[in-house]
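These notes are about the structure you will find just below.
The values are calculated or read from the model by the stated rules, or taken from the named source; none is laboratory data. Keep in mind it's a predicted model, so treat the numbers as computed, not measured. Ideal geometry is used to build each Cβ from the backbone, glycine not excepted, and the neighbour counts take in all protein chains shown. Remember, those area values only see protein heavy atoms, side chains included, never the ligands or the DNA or RNA. Shrake-Rupley method; radii C 1.70, N 1.55, O 1.52, S 1.80 Å.
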Amino acid sequence: MGIVNVTADSFSDGGRFLDVPRAIEHGIRLHEEGADLVDVGGESTRPGAAPVEEREELDRVIPVVEALVARGIEVSVDTMKPAVMREAIRAGVAVVNDVNAFRAPGAIAAVAGASQVGLIVMHMQGTPATMQAKPQYTDVVEEVTSYLLSRVSLLTSAGIAGRRIALDPGFGFGKTVEHNKQLFRALPALASHGHPVVAGLSRKKMLGDFTNRPVEGRAAASVAAALLAVQNGASIVRVHDVGPTVDALKTWMELR
């Protein structure tokens, strides 16, 4: 899953693709590099990020989705807003990726009728504005797993087929480095529940803590983290550096 941030303030590439034509061009490039999905988002979810108005998010996201879908590219939309979900589904997205796990009023209704659309349910403690203030858990693996499975139960009770739902533990979304490490080591257990697992570690602060490198210097660490995530049972890795990640995964699959 390649990342297209149509935002002014994303932690890694905020502002680079806020212009719609540049965002479209970037999405095409990621597809050409080997991304199976191009994930388009119009609202930053970095720690401390402020919300974006619905109309502004729609104006950022929908033209990009429409252009990429028209080129035969599989697109996911990264949004917490039901209105954006509905419009993106009308525009032809294959997946709705919600860091808020479809908790917003009307979110489940927005996706329930779209029978062919995949859903990614993510765990986040707090909101983007507050999540890294002081994350605390008694047992992070048990709490995150229980939360994700409870969201699956709500979605399936609304008539959504379980096969449509993937789980994302939400690395860095209300977690310390130690929480992230525990969750990473528990990926095989999360995958054992029968839903595809999504891992989003690309360029995140945790990798900077490991390597002492700034955001722009974390490509190698990001590729390593994606490869290890797949080895641990992840089915989808959400990345900025698509080409190098694809090469690493292809090489691993040949040599394993």
Practice item. Filter the stretch 173-217 down to residues that are surrounded by fewer than 22 Cβ atoms within 10 Å (Cβ to Cβ) and small (Gly, Ala, Ser) and give me whichever is farthest from Lys134 (Cα to Cα). Key: Gly194
Study note, to complete from the structure: The lone condition Arg86 fails out of (1) open to solvent by 20 Å² or more (accessible area, probe 1.4 Å); (2) over 17 Å from Ile165 (Cβ atoms); (3) part of a loop (DSSP other than H, G, I, E, B); (4) at pLDDT 95 or above is (3)
Exercise for review: Mind listing whichever residues of the stretch 130-162 are more than 18 Å from the chain's Cα centre (by Cα), of a type outside the set (Ser, Thr, Tyr), open to solvent by 10 Å² or more (accessible area, probe 1.4 Å) and farther than 17 Å from Pro47 by Cα?
Suggested key: Asp139, Val141, Glu142, Glu143, Leu154, Ala158, Gly159, Ala161, Gly162
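Which count do you get for residues in the stretch 59-83 that are aliphatic (A, V, I, L, M) and either at pLDDT below 95 or assigned to a loop (DSSP other than H, G, I, E, B) (or both)?
2
Out of the stretch 218-253, which residues are part of a helix (DSSP H, G or I) and surrounded by 21 or more Cβ atoms within 10 Å (Cβ to Cβ)? Show your work before the answer.
Taking the stretch 218-253 and keeping what is part of a helix (DSSP H, G or I), we get 219-231, 242-253.
Ser222, Val223, Ala225, Ala226, Ala229, Val242, Thr245, listed by residue number.
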Point to revise | Test result for Gly42, touching a residue at least 12 places away in the same chain (Cβ under 8 Å), open to solvent by 20 Å² or more (accessible area, probe 1.4 Å) and more than 23 Å from Pro244 (Cα to Cα) | key: no
Point to revise | Within the stretch 101-147, considering residues that are assigned to a loop (DSSP other than H, G, I, E, B), free of Cβ contacts under 8 Å to residues at least 24 places away in the same chain and of a type in the set (Gly, Ala, Ser), the one nearest to Ala186 (Cα to Cα) | key: Ala133
Point to revise | Checklist (1) touching a helix residue (DSSP H, G or I) at 6+ places or on another chain (Cβ under 8 Å); (2) more than 25 Å from Gly2 (Cα to Cα); (3) part of a helix (DSSP H, G or I) applied to Leu183, failing item | key: (2)
